[in-house]
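Scroll down for the structure; my scribbles are underneath it.
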Amino acid sequence: KMNRWYFAFAALVATWVVCNFIDSNWMSEFSRLLLRFDYLLGIFMMWAFLNFSKELYLNYHPHAQSKGKYVSILFIIDVFFAPLILFSLLFTSKVIPDRVVVTYSILFVPFIIILLVQIMMAVRYLILTRRGSRGVNRSMMNAIYATSIIAITANLLTNFVFPKYVQSPSLLQTLSTVGYLGLLVFTFGMYWAITRKKLFDVRVVVARSAA
């Protein structure tokens, strides 16, 4: 399960990066549509990361309680938010020269809360896994934990803080690279954990996928 959730998370991240890059650099009506998918992919991306963190924790603590019902409840809430995002009930947007201006509704507050709850639960699982690891596993968890925090912080700044407080379109576009750099750091951290510390056997995953 850990392998599947990691690849699901990676696929969502890759799709999100493409959408985010396009709507950040080409201002058009199409950007407004992609912006909705940014938020839609974002909330399910964090849910997939939460599941990966949970399965990673259970992999090293097989007798621990998984709190799976809470993860399932969060999925139901995410599904509830999906049509609100797609039909512009969470926020509205309009294109002006050099940028897309977003106006948030009151429903955006619970959306952010749910997003943060998923992030905090995922980080908690990573902390618990790291705390119980030793030796090679400890260095692997240090890499996953540190790069995850960097990626999460960078993208929260890029998508929620900078757009609200930075007025210069050129500066905002420059700062958007912070999120990509955060994901790049996370990618290298996961690559190191998989190839050097054997987080999971890639050959087995590929063989099972092809079967």
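Using just the helices of the chain, give the 222 nm mean residue ellipticity in deg cm²/dmol: DSSP H runs with n ≥ 4 each add -39,500 (n - 2.57), and the total is spread over all residues, rounded to 500. Numbers along the way, then the final one.
Values: 9 runs with 160 residues, N = 211.
That comes out to -25500 deg cm²/dmol.
Just the accessible area per residue of segment 1-108, please: how many Å² with a 1.4 Å probe? List each step's numbers first, then the result.
Values: 5710 Å² over 108 residues.
Ligands and nucleic acids excluded, the result is 53 Å² per residue.
Using the Kirkwood radius built from alpha carbon pairs, what does the Stokes-Einstein equation give as D for the chain at 37 °C and 0.692 mPa s, in µm² per second?
180
How much of the accessible area of the chain, probe 1.4 Å, is carbon plus sulfur, in whole percent?
Values: 7850 of 11510 Å².
After summing per-atom areas, the C and S share lands at 68 percent.
Using the Cβ atoms and a cut-off under 9 Å, what net charge is assigned to the surroundings of W5, where Lys and Arg are +1 and Asp and Glu are -1? All intermediate terms of the calculation are to be shown ahead of the outcome.
Working: positive: K1, R4, K54; negative: E55.
Residues near W5 contribute +2 overall.
Count charges around F91 for me, please; just the other residues with Cβ under 13 Å from its Cβ, Lys/Arg as +1, Asp/Glu as -1. Let's see the in-between values first.
Numbers: positive: R32, R36, K94, K164; negative: D38.
In short, +3.
From the alpha carbon gyration tensor of segment 16-127, can you work out the equivalent ellipsoid semi-axes (sqrt of 5 times each eigenvalue) and give them in Å, largest to smallest? Before the final figure, lay out the partial values.
On the way: eigenvalues 203, 44, 19 Å².
Largest first, segment 16-127 gives 32, 15, 10 Å.
Ignoring ligands and nucleic acids, what accessible area does R32 show with a 1.4 Å probe (Å², nearest 10)?
Estimated to the nearest 10 Å², R32 gives 60 Å².
Set Lys and Arg Cβ to +1 and Asp and Glu Cβ to -1, take the dipole of segment 1-56 about its Cα centre, and tell me which of N51, N25, T15 lies farthest positive.
The residue sitting farthest along the positive end of the dipole is N51.
Helix 177-195 versus the longest principal axis of the chain: what is the Cα-based angle in degrees, 0 to 90, to the nearest 10?
So the helix axis and the longest Cα principal axis differ by about 20 degrees.
The values are calculated or read from the model by the stated rules, or taken from the named source; none is laboratory data. Please read all numbers here as calculations on a predicted model, not as lab measurements. Every residue, glycine as well, gets a Cβ built from its backbone with ideal geometry; the counts of neighbours run over all protein chains shown. Remember, those area values only see protein heavy atoms, side chains included, never the ligands or the DNA or RNA. Shrake-Rupley method; radii C 1.70, N 1.55, O 1.52, S 1.80 Å.
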